[in-house]
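Taking it in order: structure first as structure tokens, then the write-up.
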Amino acid sequence: MNLARNGSLIGKSDRKRGGDADRDAVLIRFPACTLAILLGLGAAAFAAEPLDVKIGYLHRPQHQETISLVQMPPPNDGLAGAQMAADDNDTTGRFLNQRYSLIDVHLKAGDDPAAAVKQLASQGVSLVVADLPADQLLKAADAGKPHGMLFFNAAARDDRLRQEDCRANVIHTAPSRAMLADGLAQYLVWKKWMRWLLVVGSHERDKLYAAALRRSAKRFGAKIVQERVFEDTGGARRTDSGIAQIQQQIPVFTQEAPSYDVLVAADESEVFANYLPYRTWDARPVAGSAGLVPTSWDPSNSLWGATQMQSRFTALFKRQMTDIDMQAWTAVRMIGEAVSRKNTTDEKTIFAFLKSPELALGAFKGQKLTLRDWDLQLRQPILLTDGRMVVSVSPQPGFLHQFSELDTLGYDRPETKCKLQ
Amino acid sequence: MQAAMTGLPNNKVTTGKLHMMWRAGLLGFALVVMLASPANAYLAYVSNERSNTVSVIDTDKLEVIKTIKVGERPRGIELTKDEKYCLVAVGDDDTIQMIDIQKGEVTANLPSGPDPELFILSPDGQHLYIANENDNMVSVVDMATRKRVADVKVGVEPEGMAISPDGKTLINTSETTNMAHFIDLATRKLVASVLVDSRPRFAAFKNDASELWVSSEVGGTVSIIDPAKHAVTDKISFSVAGLRGEAIQPVGINITKDDKTAFVALGPANRVAVIDAKSHKVEKYLLVGQRVWHMAFTPDQKYLLTTNGISNDVSVIDVASLKVIKSIQVGQQPWGVTITKH
């Protein structure tokens, strides 16, 4: 699998799909009249030239290193998911005379995302999947606004992007921290693990995750019996004989806590959470950033036909599919869904379709996925995984909602601070 | 019946004939009684996805009379036309197994391609068409030579399979492409693809060939397609009081021989919808077991059996009264069901 460099076209040419000759052969099999009738698309379907759907992909300089070697982010994390979805869209496109290409822009540290967006705009790209941190995403979205560009946030979990900093041209396929925390909290409450010891990292995003967990605890009736901060004092995540020290440090760090049922860790910075399981002073399970982790996807997920998705992904990329891959896949599939239904690349029509109840996205989540019209967040179930198995899926039974049980996860309509503009 | 069959010499032809004679005799003496009495003793074969078994149900007694061990993850299930074999797709073993009906055990494997799920036999029984979800193909297996003879490229994740009543057209639905593909069986070429709602799982023709019905599991609808025009002409939606729309996930479709009534299994809605097949109006929802996916009529159409994946049972619907009359416990996660015709 070739990976594209800045601004180069990827998609059909470097794939094992059989190339253009094969596609032409398929198209020729349709008598023109049949094609027009079956597509019901009118004269546009007669056009010899396929509808070209260009999708930009903004790729962050580097993903977070992890404590665990097996969880280290692959270099094409996210991008691979987008590529597979473009591939899937292309297979469908063969029958509809639509063609998809993905334009990957890999930002380097210090690059201005606004410049990358302008470059994409000049290439006629109006649909962009972004794997960017919150601030960079906002810069990109605002730079794309005058060009009428529509963005899909496939990675940033920040609640502010769905709340006070929401944008009318940003759809979120990544679940927010609030959704992840709510998904976890519902399960812990269902288990009657009501007393939490909350351990928070010292970085900004750890604090944001902790805030989401506090909100969830309050929402679902759990009690945080104590909070502790795990200070990042620097140093390497893994060393040859590091384990000896950790075995001493973690019990000491977690001792003398008030009675608790579960230790909940907020450590998006990957400084300490994965050191906690099996090492706590009290014999207690760990959840949050380690142990039982809420996520949109896990390579172990085999529910709802997901096995097919996993095996197709592994066959293509020789690695396992991550949550960022899934969120990027979902974004590109949303575009494909809109284009196949509306037969247009016009971003306004696509946007209107995606926001409407017409959208019924199949994404191996056991039900159709739709957008929240108040903040453009994709409704989705949250998987709870221990890294080997999917332990449960939230929303949990009994958490009811008058409109959609998926809206028990994250900020609901009455709570929103988002004013889309 | 089972005892009689196992007591006979191990000769398929002889046993088959005796079986028929036995049934003919029975018919002769019971013809009048039959109209009011329970259905004839057909055998229903149910694939249990999690148990790796096939349960055999006597549809007269409405109880399991035998359980057959099969490979990993049995799903799609169908009898050969001569009813000597029951074919079952065992996805995790990447094959379709042939259960010898008389021996009551797996005696052969067919080359299916990876992870087979649903398949269908040609009306003459000579070819088997298999949906291969992992490589976006429909594979054709010659049943005489038991060899894979052709592949047809279709959309992403092919699943549902149906053959037109004239035997000329194969329908395949692709779950991620969201289409019903029309394949001409003479040339094995794709002739049309019709867009339907999300995740089409199952396709069924009316017996008079006037309509093709395709269920969309995630979309929550059944599309009615004009098979001549290759166009969606109507769409059936479902609504059950007190149930969220997302829980309504249509999968299996069975239409009565007279084309008057259609039954649609609604998955986690735990209900089977009864539809006036002419007006396409939903008339009734029948509460069955949990996560109902596939169904089969007894040949006399007295009963409709449904597989309920989460409650590990088969519900028996009395077709005339539209009542669920019994639940039969089978193996874990029953998936598909097929019933003998003789």
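The values are calculated or read from the model by the stated rules, or taken from the named source; none is laboratory data. If you're wondering where the values come from, they're calculated on a predicted model, not measured in any experiment. So basically every Cβ, Gly included, is an ideal-geometry build from the backbone, and we count neighbours across all protein chains shown. Side chains included, ligands, DNA and RNA excluded: accessible areas come from the protein's heavy atoms. Shrake-Rupley method; radii C 1.70, N 1.55, O 1.52, S 1.80 Å.
The figures follow:
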read-out: Å² of accessible area per residue within the protein assembly as shown, as computed with a 1.4 Å probe and no ligands counted; value: 40 Å²
read-out: Length released on extending from A:Glu358 to A:Met389, taking residue separation times 0.36 nm less the Cα-Cα span; value: 7.8 nm
read-out: Computed accessible area, B:Ser321, all protein chains, 1.4 angstrom probe, square angstrom; value: 60 Å²
read-out: Trypsin sites (Lys or Arg not before Pro) within the stretch B:49-96: DSSP coil, no more than 13 neighbouring Cβ in 10 Å; value: B:Lys61
read-out: Contact order relative to length of the stretch B:267-306, as percent, for alpha carbon pairs under 8 angstrom and 6 or more apart; value: 36 percent
read-out: Heavy-atom SASA rank of A:Ser356, B:Ser210 (probe 1.4 Å, accessible area, largest first); value: B:Ser210, A:Ser356
read-out: Proximal lysines relative to B:Lys302, as straight alpha-carbon distance under 19 Å, when same-chain residues fewer than 8 apart are discounted; value: B:Lys61, B:Lys206, B:Lys257, B:Lys260, B:Lys284, B:Lys323, B:Lys326, B:Lys341
read-out: Accessible surface of A:Arg237 - all protein chains present, 1.4 Å probe, nearest 10 Å²; value: 80 Å²
read-out: Within the stretch A:260-302, chymotrypsin sites (Phe, Trp or Tyr not before Pro) in DSSP loop having at most 11 other beta-carbon neighbours inside 10 Å; value: A:Tyr278
read-out: Antiparallel bridge percentage (DSSP; both residues within the protein assembly as shown; nearest 5); value: 75 percent
read-out: FRET E, pair A:Ser302, B:Lys69, Förster distance 25 Å, beta-carbon r, rounded to 0.05; value: 0.65
read-out: The stretch B:253-310: trypsin sites (Lys or Arg not before Pro) in DSSP coil with no more than 13 other Cβ atoms inside 10 Å; value: B:Lys257, B:Lys260, B:Lys278
read-out: Contact order normalised by residue count of chain A, Cα under 8 Å, 6+ apart, percent; value: 18 percent
read-out: Structure-based [θ]222 nm, the protein assembly as shown - -39500 (n - 2.57) summed over DSSP H runs of at least 4, per residue, nearest 500; value: -7000 deg cm²/dmol
read-out: Sites B:Ala209 and A:Gln402 - FRET efficiency at Förster radius 41 Å, r taken between beta-carbons, to 0.05; value: 0.40
read-out: Protein accessible area in the stretch A:372-421, 1.4 Å probe - carbon and sulfur %; value: 52 percent
read-out: Per-residue SASA entry for A:Met389, accessible area with 1.4 Å probe, Å² rounded to 10; value: 120 Å²
read-out: Nearest-20 debye value, the protein assembly as shown charge dipole, Cβ charges on Lys, Arg, Asp, Glu; value: 800 debye
read-out: Rounded Å value of the spacing that divides the Cα centres of the stretch B:181-221 and the stretch B:289-342; value: 24 Å
read-out: Whole-percent carbon and sulfur share, accessible surface of the stretch A:78-186, 1.4 Å; value: 50 percent
read-out: Probe 1.4 Å, all protein chains present, accessible-area order of A:Met149, A:Met72, largest first; value: A:Met72, A:Met149
read-out: With Cα atoms, 0 to 90° folded angle of helix A:19-28 axis to chain A main axis; value: 60 degrees
read-out: Nearest 10 degrees, 0 to 90: helix A:242-254 Cα axis against chain A principal axis; value: 70 degrees
read-out: On Cα atoms only, tilt of A:177-190 relative to the major axis of chain A in degrees; value: 60 degrees
read-out: Within the stretch A:244-402: Cβ-based charge dipole about Cα centre, in debye rounded to nearest 20 (Lys, Arg +1; Asp, Glu -1); value: 680 debye
read-out: Distance in nm between pseudo-label sites at B:Asp276 and A:Gln64 (7 Å out along the Cβ direction from Cα); value: 5.8 nm
read-out: Prolate/oblate/rounded call for the stretch A:201-269, Cα gyration tensor, a/c under 1.5 rounded; value: oblate
read-out: Exposure rule at most 15 other beta-carbon atoms within 10 Å, DSSP loop GluC sites (Glu not before Pro): chain A longest free segment; value: A:257-357
read-out: Chain pair B, A: total accessible area buried, heavy atoms, 1.4 Å probe, Å²; value: 2800 Å²
read-out: Estimated FRET transfer efficiency (A:Arg160, B:Glu283; beta-carbon r; R0 45 Å; 0.05); value: 0.35
read-out: Hypothetical label at B:Ile310: residues of the stretch A:337-373 whose amide nitrogen lies under 13 Å (7 Å Cα-Cβ projection); value: A:366-367
read-out: Cβ charges +1 (Lys, Arg) and -1 (Asp, Glu), total dipole of the stretch B:79-122, debye; value: 260 debye
read-out: Listed residue (A:Ala266, A:Ala185, A:Gln71) projecting farthest to the positive dipole end of the protein assembly as shown, Cβ model; value: A:Ala185
read-out: Among A:Met149, A:Gln226, A:Ser202 - extreme Cα towards positive end, dipole of the protein assembly as shown, charges at beta-carbon; value: A:Gln226
read-out: Positive-pole candidate from A:Ile350, A:Phe317, A:Leu369, dipole of the stretch A:306-386, charges at beta carbon; value: A:Phe317
